[in-house]
Amino acid sequence: MIDSDWPNLPAMFFHWATRKPDRPFLWARDGATWTPLTWAEVARRVRRLAGGLAALGVRPGDRVAVVSENRPEWAIADLAIMCAGAITVPAYTTFPTEDYRHVLANSGAKALFLSSNLLAQRVLPAADQVSCLESIITLEPLKTQANADVYLWDDVMAMGVTTPDRVDATVAGLGPDDTACLIFTSGTGGVPKAVMQSHRNVMQNGKGARRLLDEAFGLGEEVFLSFLPLTHAYEHSAGLWFPIMIGAQIYYSAGPEMLATEMPEVRPTIMTAVPRLFEMLHKRIQQTALRGGGTKAKLFNLALTLGTKRYNDRRSLTARERALDLLVEVLVRRKVRQRFGGRLKAFVSGGAPLNREVGLFFLALGINQLQGYGQTEAGPVISCNPPKRIKVDTVGPPLAGIEVKIAPDGEILVRGENVMKGYWHDPEATERAIRDGWLHTGDVGEFDADGYLKITDRKRDFIKNSGGEMISPQRIEGYLALEQGIGQVMVYGDKRPYLVALVVPDEELLRRAKAEADETARQACLQQEIQAGIARVNKTLTAAERIRRFAVVEEAFSVANGQMTPTLKIKRHVIRSAHGPLLESLYDKAS
């Protein structure tokens, strides 16, 4: 068993750097080639950078922000900040200037790591508005002047060449309950709040995940492909610090659009993802398999049918079906798994609820898809499905060391060493979130007979119609997003007599609509297919849940327009603000 008594996160890293110095640790693409940094080389750079930060005046307890895309330097900066005794403050690369100003000012950041001139266009105007920032460390020479002192990464490393002993002493002085990082919430409900995560919080999450996976398949030389933003608590803990805890390798993706190329190259064994990615992959795989029709499509459908039946009850397969199941295992499922690299042990979904049909689709095709649940305030992982006992309509039992109970009103309450210290400089919000030692998640759920947790909705996201009925919009949106022609959807109807929806067509439907000769035909093409999909879903819903009206919005909800978080959850309040008149017009029509 791996030693789990580390006093802090950097000590955990140096444990592995000593044990496997020449083994590859962090990988990045250099043109067409993946290039590694060994554990020993990363440790050397971390010590130097930490010493350089100290030379710039960064002291224990100071906050240092990081604005960068995923890359080895992100991990090195995170480690170096903590090795200087300071606190990491990640910020999304997609933030507008005002959000950067909020993060820098709210945290009181003394220094800032900045990766590029492209990001500098939005970050520097914010940096110039705050008085706390003294130093900016960049990976490339800046083309724009800044009020703070600007240093190149290599120059700061050179400042720390003579201070390795001092760095080790600082690390030795860090306690498990010291704050390691300030992780800002993603802002689905408004202004992001800074969550204080301690070293203990993150390590407790890692211990629970390690036990879950080690019991299932025995952890070995694991390989992660990191593509979710490291700024998010999910990827920060599960995609950086958990791999460090188990001595794994991490490859940094160039982005979601590159995954189809990267996964067969990297051949990851463990990956984290969000439901939106699974929904997109679900449609893409299905369309590719069924496009040609004939034998290929029949075999694909047979693999889904038998895989679903086997998941529901393995004993229900007849002798003939078991033989056919072996056939499609070779002809269909093995080929699908090769598209994911061929050795994926666990593909973990978190960050938002995953539609049951999507989860079952991947399980039926032989992809070990595990749905988990968590939030930034809880380290962030609270529960996850065990790989050998998956229940696709749940988020699994709580991780080891975490207590979960359901309040009388259905709210999920959490207690354990994973729970945050509180919100930075916001004792009132902290008292509202943590009462009598229990974190009030704001999520609603229930346990099944096997102790697996089911999430029904966010308390604040419930729609209460004018008849007083409580409705879960996420559940309806999940079903609608599976329909052909529907790319994205937001359901609306709080305090209204019925539900309506904003629908973004998928790329295939948009392509066909744009090929129509005139605007009338174009709109008819969009409306007819979307209406058909909504009608199919409405048949499965209660009267109160059915969508009575909808409007087509051709601009997708995206991170770029502020209508999605960086982890691809829709921002309801932003979408409502952007499309308020259109939503209201759906109630102006005769019902």
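Which residue is nearest to the chain's Cα centre (by Cα), if the candidates are limited to the stretch 1-58 and must be of a type in the set (Lys, Arg) and buried (at least 16 other Cβ atoms within 10 Å of the Cβ)?
Restricting to residues being of a type in the set (Lys, Arg) and buried (at least 16 other Cβ atoms within 10 Å of the Cβ), the top hit is Arg29.
For the structure I just gave you, tell me whether Met280 is surrounded by fewer than 21 Cβ atoms within 10 Å (Cβ to Cβ) and under 20 Å from the mean Cα position of the chain (by Cα).
So Met280 fits the description; yes.
Of the residues Leu79, Leu119, which single one is touching a residue at least 40 places away in the same chain (Cβ under 8 Å), touching a helix residue (DSSP H, G or I) at 6+ places or on another chain (Cβ under 6 Å) and part of a helix (DSSP H, G or I)?
Details: Leu119 fails: touching a helix residue (DSSP H, G or I) at 6+ places or on another chain (Cβ under 6 Å).
None of the others qualify; the one that does is Leu79.
Search the stretch 408-424 for residues being at pLDDT 95 or above, out of contact with any Ser or Thr (no Cβ under 6 Å at 6 or more places or on another chain) and in a loop (DSSP other than H, G, I, E, B), and hand back the single one that is surrounded by the most Cβ atoms within 10 Å (Cβ to Cβ).
Here the residue is Asn418.
Look at Lys296 and say whether it is crowded, with 16+ Cβ neighbours inside 10 Å, charged (D, E, K, R) and outside the structural domain of Phe13 (by TED's automatic domain parsing).
no
For the stretch 373-407, name all the residues that are surrounded by fewer than 21 Cβ atoms within 10 Å (Cβ to Cβ) and not hydrophobic (A, V, I, L, M, F, W, C).
Passing the criteria: Pro386, Pro387, Lys388, Arg389, Lys391, Asp393, Gly401, Glu403, Lys405.
Okay, residues lined up against (1) within 30 Å of Met12 (Cα to Cα); (2) at pLDDT 95 or above:
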| position | (1), (2) |
| --- | --- |
| Ile76 | yes, yes |
| Ile87 | yes, yes |
| Tyr92 | yes, no |
| Glu98 | no, no |
| Val103 | yes, yes |
| Asn106 | yes, yes |
| Phe113 | yes, yes |
| Ala127 | no, yes |
| Val130 | no, yes |
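Tell me which of these Glu403 doesn't satisfy, since it passes every other one: (1) under 30 Å from Glu508 (Cα atoms); (2) of a type in the set (Asp, Glu); (3) in a strand (DSSP E or B).
Glu403 satisfies every listed condition except (1).
List every residue pair whose Cβ atoms lie under 9 Å apart, where the two residues are 6 or more positions apart in sequence or sit on different chains, the first residue falls within the stretch 98-113 and is under 20 Å from Leu56 (Cβ atoms), and the second residue, located anywhere, is of a type in the set (Phe, Trp, Tyr) and part of a helix (DSSP H, G or I).
Short answer, once both residue conditions are applied: Phe113/Trp74; Phe113/Trp153.
Test Gly445 against the stated conditions and say whether it is closer than 30 Å to Ile534 by Cα, among the small types (Gly, Ala, Ser), at pLDDT 90 or above and assigned by TED's automatic domain parsing to the domain that holds Gly416. Steps first, answer last, please.
Values: closer than 30 Å to Ile534 by Cα: yes; among the small types (Gly, Ala, Ser): yes; at pLDDT 90 or above: yes; assigned by TED's automatic domain parsing to the domain that holds Gly416: yes.
Against the criterion (closer than 30 Å to Ile534 by Cα, among the small types (Gly, Ala, Ser), at pLDDT 90 or above and assigned by TED's automatic domain parsing to the domain that holds Gly416), Gly445 qualifies.
Take the residues in the stretch 134-159 that are polar (S, T, N, Q) and under 20 Å from Gly108 (Cβ atoms), then tell me which one is modelled with the lowest pLDDT. Quick ask: steps written out before the conclusion?
First, the residues of the stretch 134-159 that are polar (S, T, N, Q): 135, 138, 144-145, 147.
Narrowing the set further to residues that are under 20 Å from Gly108 (Cβ atoms) leaves 135, 147.
Values: Ser135: 98, Asn147: 93.
The selected residue is Asn147.
Quick check, is Leu568 touching a Gly at 6+ places or on another chain (Cβ under 9 Å) and not assigned by TED's automatic domain parsing to the domain that holds Ser226?
yes
From the set of residues in the stretch 538-560 that are acidic (Asp, Glu) and loosely packed, with under 15 Cβ neighbours inside 10 Å, which is modelled with the lowest pLDDT?
Here the residue is Glu554.
Which count do you get for residues in the stretch 195-237 that are in a loop (DSSP other than H, G, I, E, B) and charged (D, E, K, R)?
Within the stretch 195-237, residues that are in a loop (DSSP other than H, G, I, E, B) and charged (D, E, K, R) number 2.
Which is among the acidic types (Asp, Glu) and in contact (Cβ under 8 Å) with a residue 40 or more places away in the chain, of Glu483, Glu519?
Glu483
Only one residue in Val46, Val66, Val42 is under 13 Å from Leu182 (Cβ atoms), at pLDDT 95 or above and outside any loop (DSSP other than H, G, I, E, B), so which one is that?
Working: Val46 fails: under 13 Å from Leu182 (Cβ atoms); Val42 fails: under 13 Å from Leu182 (Cβ atoms).
Of Val46, Val66, Val42, the one residue that is under 13 Å from Leu182 (Cβ atoms), at pLDDT 95 or above and outside any loop (DSSP other than H, G, I, E, B) is Val66.
Where in the stretch 442-553 are there helices (runs of 4 or more DSSP H), lying fully within it, with 1 or more residues that are in contact with a helix residue (DSSP H, G or I) (Cβ under 7 Å, 6 or more places away or on another chain) and closer than 28 Å to Ile390 by Cβ? If you could, list the steps in order and put the result at the bottom.
Details: elements: 473-480, 507-514, 519-538.
By residue number, 473-480, 519-538.
Out of His236, His199, His232, which single residue is crowded, with 24+ Cβ neighbours inside 10 Å and over 20 Å from Ser68 (Cβ atoms)?
Answer to the selection: His199.
Would the stretch 228-236 turn up any residue that is under 16 Å from Met12 (Cβ atoms), in the same structural domain as Arg23 (by TED's automatic domain parsing) and either out of contact with any strand residue (DSSP E or B) (no Cβ under 6 Å at 6 or more places or on another chain) or among the aromatic types (Phe, Trp, Tyr) (or both)?
yes
Gly372 is checked against (1) within 21 Å of the chain's Cα centre (by Cα); (2) closer than 30 Å to Ala303 by Cα; (3) touching a residue at least 40 places away in the same chain (Cβ under 8 Å) and fails just one. What number does that condition carry?
The number of the failed condition is (3).
Among the residues of the stretch 116-138, are any of a type in the set (S, T, N, Q) and more than 24 Å from Leu230 (Cβ to Cβ)?
Yes, some residue in the stretch 116-138 is of a type in the set (S, T, N, Q) and more than 24 Å from Leu230 (Cβ to Cβ).
When you scan the stretch 541-591, how many residues do you find that are polar (S, T, N, Q) and touching a residue at least 40 places away in the same chain (Cβ under 8 Å)? Spell out the reasoning first.
Residues of the stretch 541-591 that are polar (S, T, N, Q), as a first pass: 542, 558, 561, 563, 565, 567, 577, 585, 591.
Applying the additional criterion that residues be touching a residue at least 40 places away in the same chain (Cβ under 8 Å) yields 565, 567, 591.
Of the residues in that region, 3 qualify.
The values are calculated or read from the model by the stated rules, or taken from the named source; none is laboratory data. All values derive from a computational prediction rather than experimental measurement. Virtual Cβ from ideal backbone geometry, glycine too; neighbours counted across all protein chains shown.
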